[in-house]
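See structure below.
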Amino acid sequence: MTPRHAFRVVVTVFCAVTLQGTVLLDVRIGGVHPDVMVLLPVAAGLAGGPAQGATVGFWTGLVADLFLPTPFGLSALVGTLVGFGVGASTAALDRTVWWLPPLVALVGSAAYELAYPLLGTVLGQPQMLHVPIADIVVLVGVVNAVLAAPAVRVVAWALPEASTEGLPTSSSTVAGWR
Amino acid sequence: MVASIAIITLDARGGFHRIASGLRSTSAGAFAPVRSVVNGIVEPIGSFLAGAVHYGAVRQENAKLRAELGALELRNAEGSDAAQALAQLKALSALDKLPYYANLTLEPAEVVNYGPSNFAATVTISVGRDEGATLGMPVVGEGGLVGSIVQANHNSAVVRLVTDGRSTVGVRYGPSPGSLAVVNGHGSGHPLSASLVPNDAPLKAGEVMTTSGLQGAIYPPGIPVAKVVSIRTGTSSSQESVALAPLADLARLRYVDVVLWGPPS
């Protein structure tokens with residue numbers, strides 16, 4: 001990753017943290033708020049493939065962990081898994097279809113919000129299951145699906161061209177999002 | 001993935017926990033001005049949009065409040081006794097509802113942020129280490145106990161609410177000297193529960209449980225915690241199943257007080 005792309009990633013993550021820590025925390029429906037930090041690894045996986053999805057998922061998760069009262073490193077772990085999973089599972093798909101980013105954001109966000117409390121429980125935090133998980137999955141998934149298209153474009157702008165070596169990519173790759 | 005697991009393990013084992021707390025504290029301090037600036041820009045716009053969207057409801061509420069104000073003014077005018085008016089004002093004051101204030105040193109704080117995580121019931125307040133707030137200090141609001149500080153930054157602190165799944169409060173109830181129990185949180189939106197309440201406990205719906213203040217307890221005695229909502233006796237259980245509602249209005253917290261108190265060593 002070149003310094004220019006590293007700077008772009010930092011700017012993107014900073015904007016996401018600011019958006020999450022200000023506007024989105026006040027948007028509460030049934031006590032649940034949207035989570036745009038979940039969208040970054042999903043968008044990175046979609047725009048840059050599994051390796052960049054995992055990398056962005058790890059670092060954005062680590063940044064998110066700085067502001068969360070949950071175990072330190074948990075968001076980084078889930079972000080890594082989701083970023084990689086999205087990148088690997090969509091590698092062979094035609095990424096130019098308009099409905100792919102919203103659909104992947106919906107499913108990826110839902111997977112993130114389900115894996116988060118489950119892994120938290122494994123790490124000795126069973127109270128993380130005592131929350132309205134269905135509400136969280138639906139709200140975060142739907143909001144991220146709405147924001148998916150612009151998020152993928154921003155992340156594609158920030159990330160360097162992904163390597164497609166060894167991956168069953170479609171004819172339209174990351175460059176299609178730029 | 002290995003790096004994530006390593007961080008989690010180190011944090012859980014304690015060695016890295018102090019570093020993680022320091023990083024979190026520094027991040028909170030660094031992000032506070034950004035949040036303040038952005039909120040300063042966004043909040044007026046949000047209020048304008050909310051006002052525009054809910055214009056009809058706001059007008060109706062305004063009319064209702066005007067009618068209530070008129071009725072209250074009429075009632076005040078009818079009351080000839082100044083002491084009666086004073087008593088009414090005192091009743092309106094939150095301080096009047098908190099008798100335990102007398103013996104405790106309090107630091108007022110504003111709730112600046114509601115829980116950043118959907119998986120933990122916490123709030124961020126505007127008072128931190130610089131104002132004397134430290135880890136574990138109780139936080140009270142109008143009505144009763146709000147929670148305790150789990151992260152103290154320079155100028156802010158994170159408060160774990162009594163409804164959080166990790167919250168446990170030792171309480172006392174019933175006639176003096178009172179029976180003991182433990183109130184547990186089960187997440188936002190879920191009622192609290194009381195454990196260690198025997199079947200023959202002198203407990204009834206509406207009864208208020210207060211902090212026990214036993215030796216080594218993390219809360220001083222006498223702070224109202226929650227009100228009993230329902231009691232169910234199981235056929236085979238030796239304990240009552242007690243559901244409670246927190247006395248403090250945790251959904252609408254705006255201002256709270258940090259109790260500058262620590263358990264006696």
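Some observations on this one:
- Take the Cβ atoms of B:Asn199 and B:Thr9, set R0 to 56 Å, and the FRET efficiency comes out at 0.80.
- Sum of side-chain charges, B:Phe16 neighbourhood, beta-carbon under 15 Å (Lys, Arg +1; Asp, Glu -1): +1
- Estimated FRET transfer efficiency when R0 is 22 angstrom, pair B:His190-B:Ser238 (beta carbons, to 0.05): 0.40
- Were the residues from B:Val208 through B:Val58 laid out at 0.36 nm apart, the gain over their Cα-Cα distance would be 50.5 nm.
- Among the trypsin sites (Lys or Arg not before Pro) within segment A:1-34, those in coil by DSSP and having at most 16 neighbouring Cβ atoms inside 10 Å are A:Arg28.
- Comparing mean-square fluctuations of A:Val155, A:Val38, A:Val17 from a GNM of chain A with C-alpha springs under 10 Å, the top value falls on A:Val17.
- Dipole axis of the protein assembly as shown (+1 Lys, Arg; -1 Asp, Glu on Cβ), positive-most option in A:Thr80, B:His186, A:Pro50: A:Pro50
- Using the Cβ-Cβ distance between B:Ile41 and B:Val182 with R0 set to 45 Å, the FRET efficiency from 1/(1 + (r/R0)^6) comes to roughly 0.50.
- Each other residue within a Cβ distance under 10 Å of A:Thr22 adds +1 if Lys or Arg and -1 if Asp or Glu, for a net charge of -1.
- Loop sites in segment A:38-129: chymotrypsin sites (Phe, Trp or Tyr not before Pro), DSSP, at most 15 other Cβ within 10 Å: A:Trp98, A:Trp99
- In terms of its C-alpha gyration tensor, segment B:122-265 comes out prolate, because a/c is 1.5 or above and the ratio a/b outweighs b/c.
- Each semi-axis of the equivalent ellipsoid for the protein assembly as shown is √(5λ) with λ an eigenvalue of the Cα gyration tensor; in descending order they amount to 45, 27, 21 Å.
- Gaussian network model of chain A, springs between alpha carbon atoms under 10 Å - residue of A:Ser75, A:Ser109, A:Ser89 with greatest fluctuation: A:Ser89
- Globularity index of segment A:3-160, i.e. its alpha-carbon radius of gyration over 2.2 N^0.38 Å: 0.96
- At full extension, B:Ala245 and B:Leu260 could sit 2.9 nm farther apart than now, given 0.36 nm per residue minus the alpha carbon distance.
- Selected from A:Val13, A:Val42, A:Val56 as most flexible by GNM, with chain A as the system and alpha-carbon contacts under 10 Å: A:Val13
Taken together, the values in this text are just the output of simple stated rules run on the coordinates, not laboratory data. Here the structure is a predicted model, which means the values were calculated and not measured. No Cβ is skipped: glycine too gets one built from the backbone with ideal geometry, and neighbour counts run over all protein chains shown.
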